[in-house]
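The values are calculated or read from the model by the stated rules, or taken from the named source; none is laboratory data. Given the structure is predicted, the values throughout are model-derived calculations rather than measurements. Note: ideal-geometry Cβ built from the backbone for every residue, glycine included; neighbour counts use all protein chains shown. All accessible areas refer to the heavy atoms of the entire protein, side chains included, with ligands and DNA or RNA removed. Shrake-Rupley method; radii C 1.70, N 1.55, O 1.52, S 1.80 Å.
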Amino acid sequence: QLQLVESGGGLVQPGGSLRLSCQASGSNFEFYALAWFRQAPGKQREGVSYMGAGDSTRKYMESVKGRFTIDRDNAKKVVYLQMHNLQPEDTAVYYCAAGPLQSVVVWSWEKEYENWGQGTQVAVSS
């Protein structure tokens, strides 16, 4: 129902910052819960951050708390991931996702999201 396109990835040195954007098109963007996932080489995809629809609840995986911030702009149909103090362990392909979640409890479950972007590469290296 939603088409998602990520942008903003790139190469950054440790300690640097990037802001990822995910542009959505389609209907009812404001009713979707949104999330960022990432997949590093040789690792499983993991949930990085989440932002709910009506209640705007935010969730983060432990390793990015205090460094990453998720935000959404319903008028523009965009979800952002602002990343600060990036570390080599953050290197991954980052994907945005959208789904009609009924509970924040399942925010990091891939199967809860029916709409996915194509991914954008983030590389953190000196």
TODO: Keeping to segment 1-27, report how many residues are within 12 Å of residue 99 (Cβ to Cβ) and open to solvent by 60 Å² or more (accessible area, probe 1.4 Å).
DONE: 1
TODO: Would you check which residues across segment 44-56 are over 15 Å from residue 109 (Cα atoms) and either assigned to a helix (DSSP H, G or I) or touching a strand residue (DSSP E or B) at 6+ places or on another chain (Cβ under 7 Å) (or both) and list them?
DONE: 53
TODO: State all residues of segment 28-42 that are of a type outside the set (Gly, Ala, Ser), open to solvent by less than 60 Å² (accessible area, probe 1.4 Å) and outside any strand (DSSP E or B); if no residue qualifies, say none.
DONE: 29, 32
Open item on the list: Going by what's in this entry, would residue 59 be described as among the basic types (Lys, Arg), closer than 25 Å to residue 123 by Cα and assigned to a strand (DSSP E or B)?
Closed with: yes
Open item on the list: Name the single residue that is farthest from residue 46 (Cα to Cα) among those in segment 60-118 being small (Gly, Ala, Ser) and open to solvent by 40 Å² or more (accessible area, probe 1.4 Å).
Closed with: 75
